Ligand code: AVJ
């Protein structure tokens, strides 16, 4: 096995570790290669996937109030976004801030290089005067490095239920990084999906067109592409679950047959029992009181919570203590 493929934190190493674990697991951040980015765009347009539309509705109706505290500082500030993606919702903020002649710089952070390139291009044409500095990194990596830190106040956006991709324990670790990455009195705008009718939640991860299934299975295709694998995706099914106490929506790929897969680039094989699952994603849902708890234990003061008409989704404005 060549060690150059197994750099710490690399796709190769994470796949190797994940498929050697019991239960088998693959980190969801690897969904987002070029193909995965496209599939996620499609997911956001699915009738069942309400999250993006609900957050968009909150921003359309309440952006003035959401942005008032940072605008009231009357100072140059940084708009930092963890997991910016296509920035569709954030453009509502950008448009309003520009209209209000606010002095700010935009720092979109994403783990996908392709998504950042596209975002940079669209922002250039839509907001030619805007200063944009893209950062390609993980949440934790970027919060440790703080490449945006120039002594100015920050509004850090962590939208789209992206924090939901972590278990509660991991979420506290991310919030710790967030608190350390922010300065005293910086603002954080968090977007989280709320607990609701379990069927509505499950449907969002089990759409009728099978796009979410394709999104999940793309992880296997990516392994084949990048690690010279021989995985037959037909041997796996997409299996989402929702557990209403923890609020954890989890996605699995279940091997329907006993099989051995080979990853030539790693010179490794992995055995699957019939019906053995790979845990691929968690999309955790919160109640508003659980979010209050996150703030208190995480070291933030809640300025205000914003929700859509149906209480499907929440955006919470925090201030770092
Ligand atoms: C981008 C992480 C918020 O968990 O809802 C969508 C990703 N996965 N459908 C989510 C996703 C399956 C999404 N996040």
Residue check, residue 147 over 19 Å from the mean Cα position of the chain (by Cα) and either closer than 30 Å to residue 267 by Cβ or assigned to a helix (DSSP H, G or I) (or both): no
Can you find a residue that is surrounded by 13 or more Cβ atoms within 10 Å (Cβ to Cβ) and within 12 Å of the ligand (Cβ to nearest atom) anywhere in the stretch 222-236? no
Output the qualifying pairs, or none if there are none: Cβ atoms under 6 angstrom, residues six or more apart or on different chains, first residue in the stretch 68-85 and touching a residue at least 12 places away in the same chain (Cβ under 8 Å) and closer than 18 Å to residue 111 by Cα, second residue part of a loop (DSSP other than H, G, I, E, B) and away from the ligand (no atom under 16 Å from the Cβ). 80/148
Might you check whether a residue that is assigned to a strand (DSSP E or B) and either touching a strand residue (DSSP E or B) at 6+ places or on another chain (Cβ under 8 Å) or touching a residue at least 12 places away in the same chain (Cβ under 8 Å) (or both) occurs anywhere in the stretch 158-167? yes
Residues located in the stretch 52-87, provided they are in contact with a helix residue (DSSP H, G or I) (Cβ under 7 Å, 6 or more places away or on another chain) and within 16 Å of the ligand (Cβ to nearest atom): 52, 59, 81, 82, 83, 84, 85, 86, 87
The stretch 101-119 - residue that is surrounded by fewer than 20 Cβ atoms within 10 Å (Cβ to Cβ) and touching a strand residue (DSSP E or B) at 6+ places or on another chain (Cβ under 6 Å) and, of those, farthest from residue 37 (Cα to Cα): 105
Given (1) over 15 Å from the mean Cα position of the chain (by Cα); (2) touching a residue at least 12 places away in the same chain (Cβ under 8 Å); (3) within 26 Å of residue 245 (Cα to Cα), where does residue 127 come up short, assuming only one miss? (3)
Mind checking which residues of the stretch 279-294 are assigned to a helix (DSSP H, G or I) and touching a helix residue (DSSP H, G or I) at 6+ places or on another chain (Cβ under 9 Å)? 290, 294
Mind checking which residues of the stretch 254-278 are assigned to a strand (DSSP E or B), under 28 Å from the mean Cα position of the chain (by Cα) and in contact (Cβ under 8 Å) with a residue 40 or more places away in the chain? 263, 277, 278
Of the residues that sit in the stretch 20-43 and are in contact with a strand residue (DSSP E or B) (Cβ under 7 Å, 6 or more places away or on another chain) and within 24 Å of residue 141 (Cα to Cα), which one is nearest to the ligand (Cβ to nearest atom)? 28
Candidates 101, 120 - the one that is away from the ligand (no atom under 16 Å from the Cβ) and over 19 Å from the mean Cα position of the chain (by Cα): 101
Residue tally, condition buried (at least 16 other Cβ atoms within 10 Å of the Cβ) and either without any contact (Cβ under 8 Å) to a residue 12 or more places away in the chain or within 16 Å of the ligand (Cβ to nearest atom) (or both), over the stretch 175-220: 24
Would you mention how many residues in the stretch 223-240 are touching a helix residue (DSSP H, G or I) at 6+ places or on another chain (Cβ under 7 Å), within 20 Å of residue 276 (Cα to Cα) and part of a helix (DSSP H, G or I)? 2
Look at residue 46 and say whether it is within 30 Å of residue 225 (Cβ to Cβ), at pLDDT 95 or above and in contact with a strand residue (DSSP E or B) (Cβ under 6 Å, 6 or more places away or on another chain). no
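Just give me the residues in the stretch 201-212 being closer than 13 Å to residue 250 by Cα and not in a loop (DSSP other than H, G, I, E, B), in sequence order.
Let us first name the residues in the stretch 201-212 that are closer than 13 Å to residue 250 by Cα, namely 201-206, 212.
Selection gives 201, 202, 203, 204, 212.
The values are calculated or read from the model by the stated rules, or taken from the named source; none is laboratory data. Note that this is a predicted model, so its numbers are computed, not measured. So basically every Cβ, Gly included, is an ideal-geometry build from the backbone, and we count neighbours across all protein chains shown.
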